[in-house]
Amino acid sequence: MSIIVGAETKLVVSGLTGREGTFHGLRNRDYGTDLVAGVTPGKGGQDVDGVPVFDTIREAVDERGANTSMVFVPARFAAAAIDEAVGAGVETVIAITEGIPVHDMLKTYWRARDAGVRLIGPNCPGVLSPGKANVGIIPAQFFDKGSIGVVSKSGTLTYQIGNELKQAGLGNSTIVGIGGDPIVGSDFIDVLTLFEADDETELIVMVGEIGGDAEERAAEFIAESVSKPVVGYIAGFTAPEGKQMGHAGAIISGSSGTAQAKKDALEAKGVRVGTSPTEAAQIAGETLAARA
Amino acid sequence: MPSGRHATTVDEAVAGADEVGYPCVVKAQVRIGGRGKAGGIKVAENADEARKHAEAILGMDIRGFTVDEVWVEQASEIDAEHYASIILDRGEKKLLAIVTAMGGMEVEEVADRDPQALVRRHLDPGAGMTSEIGGELAQEAGIDEDVRDQVAEMLVKLHDVATAEDATLIEVNPLIVTTDRRVIALDSKVTIDGNALFRHPELAELDESSSDDPQERMAKEKGVTYVKLDGDIGILGNGAGLCMSTLDVVAQAGGRPANFLDAGGGSKADAIVAALEVITSDEKVRAILFNIFGGITRGDEIAKGIIEAVRRIDIDVPLVVRLDGTNSEEGLGLLADADIQNLHLEKTMLGAAKAVVELVEGS
């Protein structure tokens, strides 16, 4: 197995006819992802390089059996596109769009959760299960198939770590970018739960950054409910208080949300935390080798 | 809010004080919290005191922000100081209302000293805040019975404003009860979600994410994601996480980063030129580190940007470049052919961090 995306994924892309949507949607298909449909209101009946386009996600589900939706529409329409996918009966929604207002996400988060739909993102690079499926913008060439699960708030930082693992001859079961927004559909705990249950995953690398308390919560959860080894990395030790560091969620307010607090919380629960992406990858390699 | 007057000069402030009457309060108008602690809120008993306070406060620096404006209002006869806020709780994915009878100090302080005194309630995304919930919170917080309804109404209003204006924080502190039993929001702080400014053009005008820093202002104009820090090594990375990580690794190598700059995904040459213009406009910068791991971003585009920037702007500090990922080999080839002075190519992130620190220390 792998988690969230795999051989069983049938993908519908909201915004497939847009420039980015076309580029990444077809790139995902080239990787081997089963791209079954695109959706753009008013463009039903067209196609993008042979992929049928519908007016609604419901039609893509009914006619093409789509079970996973990727959202690539502009920020002000993106929450509605997620809502539409949730209502149309897909199992998983992966929202790449950056810049969705947080009050929109507050409502959309609960709609997805109440409907039992797994939401990844928004403002995330997507999910890659090497050798099986890629949904999103993660460059698959930096990752090999293997037994390390990666869950991360950051895209490029994940590529950095993935590449170091690959150079060390290690690979990944699934790489999950959960996104750097204040409200994301799935947090570390949701993804750790899936990796814990996934028989292909032997070790989990968790990549966090300043802001919020998702890493601290994850530390508690790891101590109680994760039997597999977890290696951590946190970015933002040099970030000043009160300044947003790129991601909408990456901001230290008062004494909470600092990288040190997160590192301390993880180490207190027995998670080894690398001081650089390089060291995190090394620790992961060592830990895996010691188990073999 | 009590009625008052805006003033941008000392004379205006004194005239405003005369109009609202004495005693009055002179308050610094800045877009950051903590002004009371910094001496930005003073009570004046007469015109001389109003003048003295206005002189002290106008032009004052509060946590990096210069005070250009004061608000002068009638001093209320205060019987009690409370606290109320609506904030976004990221962990619970809900709005959270907090009320405490102990106002006037930082809420974190209350949490440390007497956590029992803080009353918290997560709000259901459908129902929001009602006067019933507000009344319960006021009661649990131990606020006097005769003013609970007013506090409840205030909470409903705060929630309405939070949702209507896309606020992630609305904090009223102190929320005062006057001797004649009125409830007044004496001081408040509001944080608006930057992602939602498109539907609040009037708030977007206020926004400059409030920077007095010339580089940060320049970055904003050019659409560059930049945060000024106090070191001397300019940093350019792609992606917020990798960029933060680069700052950390440079600091671990003994260097001091001058900035955070996320060139973003899919940067084209022009964006790199703009980014370098911002970084080099900071005179403290003595070397610049590029740390690029291309996913959507293409290494050849980054290299073209560097070559173009060197041609267009005068860069007299060394550049250390680590280029990896998509099209990195093409990019490295372009850079090698361009024969740029003072350009150092490094293979790894750690190697690049060490190299840039050595260059600064050796210069």
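Rule-based calculations on the coordinates, nothing more; no lab input. Remember, predicted model here, so these are calculated numbers, not experimental data. As a convention, Cβ positions derive from the backbone with ideal geometry for all residues, glycine included, and neighbour counts pool all protein chains shown.
Some notes on this structure:
- Cross-link partners of A:Lys145 among aspartates and glutamates (Cα-Cα below 16 Å; sequence separation of 8 or more within a chain): A:Glu164, A:Asp198, A:Asp199, A:Glu200, A:Glu202
- Put a plus charge on the Cβ of each Lys and Arg, a minus charge on the Cβ of each Asp and Glu, and nothing anywhere else: the dipole of the stretch B:78-206 about its Cα centre is then about 320 debye.
- Residues whose amide H falls under 5 Å from that of B:Glu346, counting only those 5 or more places apart or on a different chain, are B:Val321, B:Arg322, B:Leu323, with hydrogens built in the peptide plane.
- Estimated from the Cβ-Cβ distance and a Förster radius of 56 angstrom, the FRET efficiency linking A:Trp110 and B:Glu330 is about 0.75.
- In this structure the amide hydrogen of A:Val231, modeled in the peptide plane, comes within under 5 Å of the amide hydrogens of A:Ile204, A:Val205, A:Met206, none closer than 5 places in sequence on its chain.
- Electrostatic tally near B:Ile133: other residues with Cβ closer than 15 Å to its Cβ, Lys and Arg +1, Asp and Glu -1, net -2.
- Here the 3J(HN,Hα) profile of the stretch A:53-70, calculated from phi with Karplus coefficients 6.51, -1.76 and 1.60 at θ = phi - 60°, is 10, 10, 6, 9, 5, 3, 5, 5, 6, 5, 8, 10, x, 4, 10, 9, 10, 10 Hz, Gly and Pro shown as x.
- Principal axis analysis of the Cα atoms in the stretch B:163-317 yields extents of 69, 35, 27 Å, listed in decreasing size.
- By the count of other C-beta atoms within 10 Å, a proxy for reagent exposure, A:Tyr159, A:Tyr233 are ordered fewest to most as A:Tyr159, A:Tyr233.
- Residues of the stretch A:129-158 with amide N under 19 Å of a point placed 7 Å along Cα→Cβ from A:Ala289: A:144, A:146-149
- Interchain or long-range residues, amide H under 5 Å from A:Gly246's placed H: none
- Other residues with beta-carbon under 15 Å from the beta-carbon of A:Lys145 carry, at +1 per Lys or Arg and -1 per Asp or Glu, a net charge of -3.
- Residue order, fewest to most beta carbons within 10 Å, for A:Val102, B:Val107, A:Val207, A:Val13: B:Val107, A:Val102, A:Val207, A:Val13
- Computed from label points 7 Å out along Cα-Cβ, the spacing between B:Ile313 and B:Glu361 is 2.8 nm.
- Span-like helix criteria (full DSSP H runs; alpha carbon extent of at least 30 Å along the helix axis; mean Kyte-Doolittle hydropathy of at least 0.0) are satisfied in chain B by no helix.
- Look at the dipole of the stretch A:214-260 built from charges on Cβ: of A:Gln260, A:Ser225, A:Gly249, the Cα furthest out on the positive end belongs to A:Gly249.
- Measuring r between the beta carbons of B:Asn342 and B:Glu109 and using R0 = 45 Å, the FRET efficiency lands at 0.35.
- Potential extension, B:Asp18-B:Glu45 segment - 0.36 nm per residue separation minus Cα distance: 8.7 nm
- Spatially proximal aspartates and glutamates relative to A:Lys10 (Cα-Cα < 18 Å; intrachain offsets below 8 disregarded): A:Asp30, A:Asp34, A:Asp47, A:Asp49, A:Asp55, A:Glu59, A:Asp62, A:Glu63, A:Glu84, A:Glu91
- The mean number of partner chain beta-carbon atoms within 10 angstrom of a residue's beta-carbon across peptide B:163-169 is 3.
- Using the Cβ-Cβ distance between A:Ala197 and A:Asp62 with R0 = 25 Å, the FRET efficiency computed as 1/(1 + (r/R0)^6) comes to roughly 0.25.
- Cα-based Lys proximity count in the stretch B:187-310, under 15 Å, for pairs eight or more positions apart or on separate chains: 4
- Comparing A:Thr238, A:Thr156, A:Thr97 in a Gaussian network model of chain A where C-alpha atoms under 10 Å apart are linked, the largest mean-square fluctuation is found at A:Thr238.
- Taken along the Cα-to-beta-carbon direction at a fixed 7 Å, the label points for B:Ala204 and B:Glu69 span 2.0 nm.
- Taking the number of Cβ atoms within 10 Å of each Cβ as an exposure proxy, the fewest-first ranking of B:Lys284, A:Lys10 is B:Lys284, A:Lys10.
- Karplus-derived 3J(HN,Hα), 6.51/-1.76/1.60, for each residue of the stretch B:174-183, Hz, glycine and proline x: x, 9, 9, 10, 7, 5, 8, 6, 9, 9
- Over the residues of chain A, the helix contribution to mean residue ellipticity at 222 nm works out to -11500 deg cm²/dmol, using -39500 (n - 2.57) for each DSSP H run of at least 4.
- Between the Cα long axis of helix A:102-115 and the first principal axis of chain A there is an angle of about 80°, rounded to the nearest 10.
- For a label point 7 Å along the Cα-to-beta-carbon line of A:Gln167, residues of the stretch B:327-346 with backbone N under 12 Å: B:346
- Its DSSP H runs of at least 4 residues, each contributing -39,500 (n - 2.57), put the calculated 222 nm mean residue ellipticity of chain B at -11500 deg cm²/dmol, to the nearest 500.
- Extending 7 Å from the Cα toward the beta-carbon at both A:Asp55 and B:Lys222 defines two label points whose distance is 4.7 nm.
- Fraction of the pair-distance distribution of the protein assembly as shown above 47 Å, Cα-Cα pairs, percent: 21 percent
- With only the Cα atoms considered, the stretch A:223-292 has a convex hull volume of 103 Å³ per residue.
- Principal-axis analysis of the Cα atoms of chain A puts helix A:214-225 at an angle of about 80° to the longest axis.
- Neighbourhood net charge (12 Å Cβ-Cβ; Lys/Arg +1, Asp/Glu -1) for A:Ala75: -2
- Karplus-based coupling profile of the stretch A:176-190, in residue order and whole Hz: 10, x, 8, x, x, 8, x, 10, 10, x, 10, 9, 3, 4, 4, with θ = phi - 60° in 6.51 cos²θ - 1.76 cosθ + 1.60 and x standing for Gly or Pro.
- Cα-based equivalent ellipsoid of the stretch A:10-120: semi-axis lengths in Å, sorted from largest, via gyration tensor: 21, 15, 12
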